[in-house]
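Structure first, commentary second.
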Amino acid sequence: MKLVFAVVIQDVLQLSGGRLKMAQILAPSAQWQMRIAKNSADVNPLTMKTWSSIVMKQNKKGSVKSSGRFKVCALQSDNSTINRLEQLLNLDVTPYTDKIIAEYIWIGGSGIDVRSKSRTISKPVKHPSELPKWNYDGSSTGQAPGEDSEVILYPQAIFKDPFRGGNNILVVCDAYTPAGEPIPTNKRHRAAQIFSDPKVVAEVPWYGIEQEYTLLQTNVKWPLGWPVGGYPGPQGPYYCGAGADKSFGRDISDAHYKACLYAGINISGTNGEVMPGQWEFQVGPSVGIEAGDHIWCARYLLERITEQAGVVLSLDPKPIEGDWNGAGCHTNYSTKTMREEGGFEVIKKAILNLSLRHKEHISAYGEGNERRLTGKHETASIDTFSWGVANRGCSIRVGRDTEKEGKGYLEDRRPASNMDPYVVTSLLAETTLLWEPTLEAEALAAQKLSLKV
């Protein structure tokens, strides 16, 4: 029997009994099924296709319960086929084997795409050192020539797998040549060197990263909730807004939030952004190299969730030209001495150093950032370094609480949404803790920025 489903997400990713449950999607009434079948040619792709591939859990009475089971929803699919697939997806192999599935994740050739593949591990593990190295075809990811295509994956961080559950894991890796040299897109290797420097270790650098992203409709690559080829009302009601005419993609944001918590990612919050269809999640405070590991794994989870939802994830820093906010990755940063009494003076010294290396930072802060850093839409000009207290139009913002208490942190507002967190976090540590300007350059910068250090 052929079934037609129109799907509505009702409760995404429920946590119960230590297991993560994926989304519930409700089939419509018989009346709506007939209406959809009759008018299928005119149905908005957001109702018929956007959610067609997401995993669902449906209670017979229509109430939301934590059954721990998944159901797969497909349009015009054979019911018996769906049931068989559903049974296999929910198959608990724990009573039959100690083996687990490890999903190895790495950064692809663009420097922003994430790739992954699975392998069986003989037993549960707790540390990356217990996992074997692996390899992949680098010629198929733009990271190696065809005649010498093998790239080696080194496991670096482990997270719980919210998609498979159980003892299965996600493994964040970096990539090397067979000779053990980091490949060009492996920015983690250099970051780990900086974070292992004794001066940096002693300062215990903390990071809080605000990852903005945009959700796009699959076929037209236009923001979720926007009329195809048209525009919604002006910005204003969408930031942290609620309502069907203001918030587009909340279920994806919530699903991602819970998946991150399940995985062990140090996610600290989410919110809808200024441009409709745009969202943000925050990770931190994280120490050192951990910040990059957690952001990359969180991005991977978001790619997988949007894949299931039939929505495209964009990290473009300016997805829509015109009077619309771009997407950034503001990075909050502090060191041990910044967080202690008198730390504001240390923060001002760090701002001086950052001003003197503005070009180096901008060149490393993401592709296409010149389209975003225009001096408008809560950004500073890409060509000019600036700082201020509570000023979101500056390169570096210092909060009112930090000024009042005389200690705290700074916010670097320059990084684009597609920045590499390994690069940004390690460069902040390098510039503020390891790099020393000349006294003359420091004096000139202090005078220009009206800073007394």
Check: Hey, which of the helices (runs of 4 or more DSSP H) in the range 338-453, taking only ones fully inside, have at least 2 residues that are touching a residue at least 12 places away in the same chain (Cβ under 8 Å) and within 25 Å of the chain's Cα centre (by Cα)?
Finding: 358-363, 421-429
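For the condition surrounded by 13 or more Cβ atoms within 10 Å (Cβ to Cβ) and modelled with pLDDT under 95, what is the one hit in T218, T214? Don't jump to the end; show me each part of the working.
Numbers: T214 fails: modelled with pLDDT under 95.
Of the residues listed, the single one that is surrounded by 13 or more Cβ atoms within 10 Å (Cβ to Cβ) and modelled with pLDDT under 95 is T218.
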Notebook entry, point to check: Do you know which residues across the range 267-283 are buried (at least 17 other Cβ atoms within 10 Å of the Cβ) and over 12 Å from the mean Cα position of the chain (by Cα)?
Noted result: G272, E273, V274, M275, P276, G277, Q278
Check: Mind checking which residues of the range 230-265 are of a type in the set (S, T, Y) and either modelled with pLDDT under 95 or crowded, with 18+ Cβ neighbours inside 10 Å (or both)?
Finding: Y238, S247, S253, Y257, Y262
Next item on the list: Examine the range 202-209 for a residue that is in contact with a Ser or Thr (Cβ under 6 Å, 6 or more places away or on another chain), acidic (D, E) and under 22 Å from N418 (Cα atoms), and state whether such a residue exists.
Entry: no
Next item on the list: Tell me, yes or no, whether the range 163-174 has at least one residue that is touching a helix residue (DSSP H, G or I) at 6+ places or on another chain (Cβ under 6 Å), farther than 19 Å from I289 by Cβ, open to solvent by less than 50 Å² (accessible area, probe 1.4 Å) and of a type outside the set (D, E, K, R).
Entry: no
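If only one of S355, S334, S363, S381 is closer than 17 Å to T431 by Cα, out of contact with any Ser or Thr (no Cβ under 6 Å at 6 or more places or on another chain) and surrounded by fewer than 18 Cβ atoms within 10 Å (Cβ to Cβ), which one is it?
Numbers: S355 fails: surrounded by fewer than 18 Cβ atoms within 10 Å (Cβ to Cβ); S334 fails: surrounded by fewer than 18 Cβ atoms within 10 Å (Cβ to Cβ); S381 fails: closer than 17 Å to T431 by Cα.
Going through S355, S334, S363, S381 in turn, just one is closer than 17 Å to T431 by Cα, out of contact with any Ser or Thr (no Cβ under 6 Å at 6 or more places or on another chain) and surrounded by fewer than 18 Cβ atoms within 10 Å (Cβ to Cβ): S363.
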Check: Would you say Y422 is hydroxyl-bearing (S, T, Y) and open to solvent by 20 Å² or more (accessible area, probe 1.4 Å)?
Finding: no
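Keeping to the range 284-303, report how many residues are at negative phi and over 11 Å from the mean Cα position of the chain (by Cα).
6
For D401, are the conditions met, namely being closer than 25 Å to E273 by Cα and open to solvent by 30 Å² or more (accessible area, probe 1.4 Å)?
Numbers: closer than 25 Å to E273 by Cα: yes; open to solvent by 30 Å² or more (accessible area, probe 1.4 Å): yes.
Judged against the criteria, D401 is a match.
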Check: Can you find a residue in the range 440-449 that is out of contact with any Gly (no Cβ under 6 Å at 6 or more places or on another chain), among the charged types (D, E, K, R) and under 17 Å from Q211 (Cα atoms)?
Finding: no
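Tell me, which residue of the range 109-140 that is touching a Phe, Trp or Tyr at 6+ places or on another chain (Cβ under 7 Å) and surrounded by fewer than 16 Cβ atoms within 10 Å (Cβ to Cβ) is farthest from M419 (Cα to Cα)? Explain how you work it out, then say what you get.
Of all residues in the range 109-140, those touching a Phe, Trp or Tyr at 6+ places or on another chain (Cβ under 7 Å) come to 114-117, 119, 133-134.
Of the ones still in play, those that are also surrounded by fewer than 16 Cβ atoms within 10 Å (Cβ to Cβ) are 117, 119, 133.
Values: K117: 24, R119: 29, K133: 27 Å.
Across the range 109-140, the extreme among qualifying residues is R119.
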Next item on the list: Find all pairs meeting these conditions: Cβ atoms under 6 angstrom apart; at least six residues apart or on different chains; first residue within the range 129-148 and under 12 Å from I183 (Cα atoms) and touching a residue at least 12 places away in the same chain (Cβ under 8 Å); second residue open to solvent by less than 30 Å² (accessible area, probe 1.4 Å) and assigned to a helix (DSSP H, G or I).
Entry: A144/G138
Checklist line | Residues of the range 179-202 satisfying the condition of being of a type outside the set (G, A, S) and either outside any helix (DSSP H, G or I) or within 20 Å of D148 (Cα to Cα) (or both) | finding: E181, P182, I183, P184, T185, N186, K187, D197
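Whether any residue in the range 299-306 is assigned to a loop (DSSP other than H, G, I, E, B), open to solvent by less than 10 Å² (accessible area, probe 1.4 Å) and under 30 Å from K126 (Cα atoms) is what I want to check. Before you say what the answer is, go through the steps one by one.
Step one: filter the range 299-306 for residues assigned to a loop (DSSP other than H, G, I, E, B), giving none.
No, there is no match, as no residue in the range 299-306 is assigned to a loop (DSSP other than H, G, I, E, B), open to solvent by less than 10 Å² (accessible area, probe 1.4 Å) and under 30 Å from K126 (Cα atoms).
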Checklist line | Filter result (touching a Lys or Arg at 6+ places or on another chain (Cβ under 6 Å), among the small types (G, A, S) and either open to solvent by 60 Å² or more (accessible area, probe 1.4 Å) or modelled with pLDDT of 85 or more (or both)) within the range 67-107 | finding: A102
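The values are calculated or read from the model by the stated rules, or taken from the named source; none is laboratory data. Treat the numbers as computed from the prediction; the structure is a model and nothing was measured. As a convention, Cβ positions derive from the backbone with ideal geometry for all residues, glycine included, and neighbour counts pool all protein chains shown. All accessible areas refer to the heavy atoms of the entire protein, side chains included, with ligands and DNA or RNA removed. Shrake-Rupley method; radii C 1.70, N 1.55, O 1.52, S 1.80 Å.
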